[in-house]
1. Starting from the Cα of residue 5, move 7 Å in the Cα-to-Cβ direction to define the label point; list residues of segment 103-122 whose amide nitrogen is under 19 Å from there.
2. Can you give the FRET efficiency for residue 104 and residue 73, using 1/(1 + (r/R0)^6), R0 = 22 Å, r = Cβ-Cβ distance, to the nearest 0.05?
3. If the only charges are +1 at each Lys and Arg Cβ and -1 at each Asp and Glu Cβ, what is the size of the charge dipole of segment 30-137 around the Cα centre, to the nearest 20 debye?
4. Put a dot 7 Å past each Cα toward the Cβ at residue 90 and residue 23; how far apart are the dots in nm?
5. Can you run phi through the Karplus equation (6.51, -1.76, 1.60; θ = phi - 60°) for segment 6-14 and list ³J(HN,Hα) in whole Hz, with x for Gly and Pro?
6. Take residue 39 and residue 55, extend 7 Å from each Cα along the Cα→Cβ direction, and tell me the distance between the two endpoints in nm.
7. Compute the Rg to Rh ratio over the chain from the alpha carbon atoms, using the Kirkwood formula for Rh, and round to two decimal places.
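All of the numbers you see were taken from the coordinates with simple rules; none came from a lab. Here the structure is a predicted model, which is why all the values come from computation and not from measurement. Because the Cβ atoms are built from the backbone with ideal geometry, glycine has one as well, and the counts that use them run over all protein chains shown.
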Amino acid sequence: MSTEANKALFRRMIEEFWNQKKLDTAAEFFSADTYSPSVPGLPPGPDGVKFFAQVFLAAFPDLQITIDQIVASGDEVAGRLIQKGTHKGDFMGIPASGKWVEFTEMAILKIVDGKIAVSWYQTDMLSLMRQIGAIPT
């Protein structure tokens, strides 16, 4: 696939899978053996991705992601994401705070045969945890 096609896949995955919460599209975007070294222990494949999304969306059901920057080279796409939502459910053992959060994340995706095969994420967890009151500011 071209770098432009890879960027388009990245954009569609963010919009459809995450923002529209169409978790049943996971197999359309992620390969059968997709994995993320950033989330050790997550089951491989689209079902693992759906599981992760369900956990995150249970905590932040109104989550919306904006792609602030996107670049591609060869079979990899990288993006700087801005995520916003309300902490309405348990997150990593922290009860819902009702607080609105905004945090960033860096994502790198390796695309193989038109699907995401590997994904690396670096989320600004310090900022997120401070905003929900888990860590003092």
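1. Residues 109-118 fall inside that zone.
2. Result of the calculation: an efficiency of 0.55.
3. The calculated dipole for segment 30-137 is roughly 300 debye.
4. 1.5
5. Running phi through 6.51 cos²θ - 1.76 cosθ + 1.60 with θ = phi - 60° gives 5, 5, 5, 4, 4, 4, 4, 4, 4 Hz.
6. Rounded to a tenth, the inter-label distance reads 0.7 nm.
7. With Rg and the Kirkwood Rh in hand, the quotient comes to 0.97.
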